[in-house]
Amino acid sequence: MPRRCRAWTIAVVAATGSLTARGAAQTPARPASPALPAPPAAAAQSDPVVGNWRGTLKSSSGMESPIIITIVKRGDGYAGSTNGVNASSESALKRVTVDGSRLTIEAADDSKLGAVVLTSELAAAGTAMKGTGALAVGAQKFDVTLALQRRPRAEAIQPHVEQRVDYFVGRWKFDYIGAEFPPLSAGGRSGTVAFTRTGTSNFITGRVEGELVGQPYQEQLSIDLDPETNMLAFVERRPGGVELVSVASWRSPIAITFHTSPVQENGKTYQLRRLLSVTSPTAFDVTEEFSVDGGPFRRLGNGHYTKLP
């Protein structure tokens, strides 16, 4: 699965000028939050801040970076997301405060230079939104200005599949490229996985038959879907007795986000984070990251799955 450029990697480059394009591309990608839906045109017209805002983030040194901020109404409050041009995923805003046509946001992410936090106060006037803020990169902090325009999304239509366990039922061929990192991963492997539904329930079981460094490799899987909340319980039983339990969200029809429960081994605590990107009714990609003792998540590996006839 191709590496994903993240909004704050772009922002770090704009603010510091200290990363090359190649270096930025090597920044690990954080699994994306489910994409926020584009607000209806009527809602955007009646609410001064709701909409998809596109423009630039400019640092005090004069460097500019493209940025997109999406604001939606959620009940009595607001939520939002942000990404950069050419980014293939969105990141949820940590804080959104609205007072009439004035908007305060906070976004946070990780980078190779440390934690990256953007705070900004913006004011909307018709189809324009402008404001100032600060971009903190680790211990460094930079003043920034934002100039945005409300515009409809121009991205290609994403593939949508119905959020049902039947999506997984059947046989899939897979190739996984990644590091050997016990107890979370045995390393690069390939093979097939077969999922079978239990009666008419929303529970399915799976069996992995593959090859790892020329040796047979097997796993047992189970998935249980709550169709009312689109939440998944995902259990993986790995060789050697390792069991990974995940609670996953399938609220977005194009992505499923997983967080495993912590695993204790050799005096350390390990956790796996996974993004399953639904690319079509017969294919999906998986990106995995890991954390040790609550530290930052780092890239572990990528997998591609294709459904067999």
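The values are calculated or read from the model by the stated rules, or taken from the named source; none is laboratory data. Predicted model, so just to flag it, every value in this text is computed and none were measured. As a convention, Cβ positions derive from the backbone with ideal geometry for all residues, glycine included, and neighbour counts pool all protein chains shown. Keep in mind that these areas ignore ligands, DNA and RNA; they rest on the heavy atoms of the full protein, side chains included. Shrake-Rupley method; radii C 1.70, N 1.55, O 1.52, S 1.80 Å.
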- Query: Which residue, of Leu232, Leu225, Leu275, is touching a Pro at 6+ places or on another chain (Cβ under 7 Å), among the aliphatic types (A, V, I, L, M) and open to solvent by less than 70 Å² (accessible area, probe 1.4 Å)?
  - Reply: Leu275
- Across the range 250-272, the tally of residues that are over 16 Å from Phe297 (Cβ atoms) and surrounded by 19 or more Cβ atoms within 10 Å (Cβ to Cβ) stands at 4
- Task: Could you please find all residues in the range 207-220 being buried (at least 19 other Cβ atoms within 10 Å of the Cβ) and under 27 Å from the mean Cα position of the chain (by Cα)?
- Result: Val208, Glu219
- Inside the range 276-291, can you point out the residues that are farther than 17 Å from Val165 by Cβ and of a type in the set (S, T, N, Q)? Ser277, Thr279, Ser280, Thr287, Ser291
- Item | Count - residues of the range 177-206 that are in a strand (DSSP E or B), under 23 Å from the mean Cα position of the chain (by Cα) and surrounded by 18 or more Cβ atoms within 10 Å (Cβ to Cβ) | 2
- Message: Yes or no: the range 120-131 includes at least one residue that is at pLDDT below 90, out of contact with any Lys or Arg (no Cβ under 6 Å at 6 or more places or on another chain) and surrounded by 19 or more Cβ atoms within 10 Å (Cβ to Cβ).
- Response: no
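Every residue, every condition in (1) at pLDDT 90 or above; (2) farther than 19 Å from Val169 by Cβ; (3) of a type in the set (Gly, Ala, Ser), yes or no:
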{"residue": "Gly206", "(1), (2), (3)": "yes, no, yes"}
{"residue": "Glu209", "(1), (2), (3)": "yes, no, no"}
{"residue": "Gly214", "(1), (2), (3)": "no, yes, yes"}
{"residue": "Gln218", "(1), (2), (3)": "yes, yes, no"}
{"residue": "Ser222", "(1), (2), (3)": "yes, no, yes"}
{"residue": "Leu225", "(1), (2), (3)": "yes, no, no"}
{"residue": "Glu236", "(1), (2), (3)": "yes, no, no"}
{"residue": "Val242", "(1), (2), (3)": "no, yes, no"}
{"residue": "Val245", "(1), (2), (3)": "yes, yes, no"}
- Within the set of pairs 6+ apart or on separate chains, which have a first residue in the range 221-236 that is farther than 12 Å from Ile204 by Cα, a second that is of a type in the set (D, E, K, R) and open to solvent by less than 50 Å² (accessible area, probe 1.4 Å), and C-beta atoms under 7 Å apart? Glu236/Glu219
